[in-house]
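Written below as structure tokens is the structure these notes are about.
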């Protein structure tokens, strides 16, 4: 069986919509909509292939935080098998304290 794999950093984009303007520093503005989406070129390419039924896997960095859990669930829901290359507890890309 043929399959596609890729290595890439996974980002979770936080998207706000329906805001009257961009808030100034320290100011709160309410948004009418909010969504979380996966970002990054390799993840997006593999997700699109997975949606087309092509067997895919991604080598990426996932921690034990809520954003990594979201990313893992989105990969799996779109036919991409995530293989975690990160052994840390903290969010990948963040310094451990």
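Of the residues in the range 32-52, at least one is at pLDDT below 95, under 12 Å from the mean Cα position of the chain (by Cα) and surrounded by fewer than 12 Cβ atoms within 10 Å (Cβ to Cβ). Given the criterion touching a helix residue (DSSP H, G or I) at 6+ places or on another chain (Cβ under 7 Å) and over 17 Å from residue 7 (Cβ atoms), identify the matching residue among 53, 79, 33. Exactly one of 53, 79, 33 is touching a helix residue (DSSP H, G or I) at 6+ places or on another chain (Cβ under 7 Å) and over 17 Å from residue 7 (Cβ atoms), namely 79.
The values are calculated or read from the model by the stated rules, or taken from the named source; none is laboratory data. None of the values given here were measured: they were computed from a predicted structure. A quick note on method: Cβ atoms are made from the backbone with ideal geometry, for glycine too, and the neighbour counts reach across all protein chains shown.
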